[in-house]
1. Within segment 60-88, restricting attention to residues that are open to solvent by less than 70 Å² (accessible area, probe 1.4 Å) and under 24 Å from the mean Cα position of the chain (by Cα), which residue is modelled with the lowest pLDDT?
2. Within the bounds of segment 141-155, is there any residue that is of a type in the set (G, A, S), assigned to a loop (DSSP other than H, G, I, E, B) and at pLDDT 90 or above?
3. Hey, among Y173, Y151, which residue is aromatic (F, W, Y) and out of contact with any Lys or Arg (no Cβ under 9 Å at 6 or more places or on another chain)?
4. All but one of (1) at pLDDT 75 or above; (2) in a helix (DSSP H, G or I); (3) surrounded by fewer than 21 Cβ atoms within 10 Å (Cβ to Cβ) hold for D591, so report the exception by its number.
5. Exactly one condition in (1) touching a residue at least 24 places away in the same chain (Cβ under 8 Å); (2) open to solvent by less than 30 Å² (accessible area, probe 1.4 Å) is not met by V215; state its number.
6. Answer yes or no: is there a residue in segment 199-207 that is open to solvent by 30 Å² or more (accessible area, probe 1.4 Å) and over 36 Å from the mean Cα position of the chain (by Cα).
Amino acid sequence: MVHENHGLGIYQGIEQMEVGGASRDYLKITYADGGNLYIPVTQMDQVQKYASADTDQVPKLNRLGGSEWKKTRSRVRREVKDIAADLVSLYARRQNAQGVVYGPDTVWQKEFEEQFPFEETEDQRKAIEEVKADMESGKIMDRLLCGDVGYGKTEVALRAAFKAVQEGKQVAYLAPTTILAQQHYNTFVQRMKDYPVNVELLCRFRTPGEQKKTVERLNRGMVDIVVGTHRLLSKDVKFKDLGLLLIDEEQRVGVAAKEKIKQYRENVDVLSLTATPIPRTLHMSLIGIRDMSLLEEPPMDRQPIQTYVMEYNDELVREAIQRELDRNGQVYYVYNRVGTIREIAGHIASLVPDATVAFAHGQMKERELEQIMLDFLKGDIDVLVSTTIIETGMDISNTNTIIIHDADRYGLAQLYQLRGRVGRSSRSAYAFLMYRRDRMLKEVAEKRLQAIREYTELGSGIRIAMRDLELRGAGNLLGAEQHGHMEDVGYDLYCKLLGEAVQEAKGERKPLDFDTSIDLELDAYIPPAYIRNESQKMDIYRRIASVETDAEYDDMQDELIDRFGEPPRAVQNLLKVARLRALAREVYVTDVTGSREKITLMLYAEAPVDPARIPALIGRYRGDLKLLPGAAPGFVYTDQRKQNVDTERTLECVKNLLNDLKLLLDE
């Protein structure tokens, strides 16, 4: 684990100790010299699990109290500032550069939007408004639209494209696969058919002659919208007046293609669509380098996909396929090896002899692949044995069972994308993630399969991406120079330092460089009888430690009641202490210590508060408070009654005092 002030150590578990008559839980961390550090669980936000890109290398532990960690952290902090400055200058150039200022919605725009055959979700409306606001503001848009498969990302893109075309601008829609490009092309043609909008397709489903003709027409401005694969990024493709670039499933775009896209980003509006953003993209959105819109609300009648993780079994495969066929549905069978896919298709055909089985992979000839996909779309094929070419975009509402062979070999986001190929209608959908019989799963593979099984509820894409961020790290935001920094301080702390540096570089409030500890005579811990699972308990401790607002406090309390039942007094105290700590930090208080009748609050030495005004604040408490002597400013609250002073009153008094101090600072 990494402690922000002490560095890398080995986590030894949670230990309960009694200090000053109060019971509390502490994290025990052992360091290189054998020294032990006990951290109150209320300060868990200062500790992160060490994660790095190099999983084979054993990290070097720090010595407790040594100077080495301070030097490492200072060096990384300095160098991260340079990275943040580069990121923010790129962001600032885009913000300050004058892009196209699109006008308000026209009559045609409103008419086009009214033709959408479904009711928009609230999230969809909000995302559409955010995209239009970007386009009408004149700033160059760089927005990430994150929403599950089938949640209406394409409709947001369609409306943005239609708006751009009305102002005489060209639109490019970049799709990761030929099949997806074809499908989006069909959608665009269908939606735009009543308007004078020229839509073309540029991918290997078109002959070289057709492609050449499209490129020429693009160059002369005769094509309004072009949908295509990476062929769009070829040197011969030139636009007369490109205004909007739409990128579907950005995580599938390669490094070289991203470099080409970067050139567009300087002066063209960019809208990226994804169900599970790659960690780097997600992280850039989370720290404010890119704007993000979220579609988390499922469409009407959509049901969660029933997900099963199991050993491969012929009988189960036969039964799953047969059950889907019995309700006149179709099945995907994902097998990602081109060399033996024909044999697997033959085996599946022998399991269900009444079914029509076909196979498809990316190395087939264009026309052959296109014909198979069309046959499957028409319902002439019952079971399609396919490689991961179906991962993005195949939108067939009649296909509601997917079987994934060797599921332990796929990444988390990829599994999520594949599962999203089913469940596109109001029917129940099933996903079977199978691994080989008697195969020992690697730890990361097991965690992936566990995560995909956990995240079955609708709208889990963003949470899957967050989990991927946790399992894999964010990768390089700008380049290879960051790799070493992550190895030195761990991924989480690196991200935190980078986030702070970005905040500072953007001219936002400088992060406070102090910690706040609260040490009151209170039992504040989670009893073993309340949460038995150790990892669950750690997760709850971490989340309680990050509670900052009253709304977060209420949400956390509701979740605890919902998952574990009514919290005992010790857990309620833990929640209250976390809220107090956030409040104390907000008003520059570094320490809140004491017993029931006497509480000491120490102010941060550099707190922007006028010491001359402190006595007036203390005067509001009619003798219950006095100033502390000494250099560091602080207060003492004393309860004169001393008898019958309870925990609730102590906490309430400290909260009132902190709120009053906040008012004073605001003045």
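The values are calculated or read from the model by the stated rules, or taken from the named source; none is laboratory data. What you see is a predicted model; the values in this text were computed from it and never measured. In this analysis, Cβ positions are derived from the backbone assuming ideal geometry, glycine residues included, and neighbour counts consider all displayed protein chains. SASA here: full protein model, heavy atoms, side chains in, ligands and nucleic acids out. Shrake-Rupley method; radii C 1.70, N 1.55, O 1.52, S 1.80 Å.
1. Of everything passing the filter in segment 60-88, L87 is modelled with the lowest pLDDT.
2. Our first condition is that a residue be of a type in the set (G, A, S); within segment 141-155, this holds for 147, 150, 152.
From what is left, the residues that are assigned to a loop (DSSP other than H, G, I, E, B) are 150, 152.
Filter once more, so that each one left must be at pLDDT 90 or above: none.
Taking every residue of segment 141-155 in turn, none turns out to be of a type in the set (G, A, S), assigned to a loop (DSSP other than H, G, I, E, B) and at pLDDT 90 or above.
3. Y173
4. (2)
5. Here V215 clears every test but (1).
6. From segment 199-207, those open to solvent by 30 Å² or more (accessible area, probe 1.4 Å) are 200, 204, 206-207; that's our starting set.
If we keep only those that are over 36 Å from the mean Cα position of the chain (by Cα) as well, we get 206-207.
Yes, some residue in segment 199-207 is open to solvent by 30 Å² or more (accessible area, probe 1.4 Å) and over 36 Å from the mean Cα position of the chain (by Cα).
Residues checked against (1) closer than 30 Å to Q98 by Cβ; (2) out of contact with any helix residue (DSSP H, G or I) (no Cβ under 6 Å at 6 or more places or on another chain); (3) surrounded by 17 or more Cβ atoms within 10 Å (Cβ to Cβ):
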{"residue": "E114", "(1), (2), (3)": "no, yes, no"}
{"residue": "E120", "(1), (2), (3)": "no, yes, yes"}
{"residue": "K132", "(1), (2), (3)": "yes, yes, yes"}
{"residue": "S137", "(1), (2), (3)": "yes, yes, no"}
{"residue": "M141", "(1), (2), (3)": "yes, no, yes"}
{"residue": "V156", "(1), (2), (3)": "yes, no, yes"}
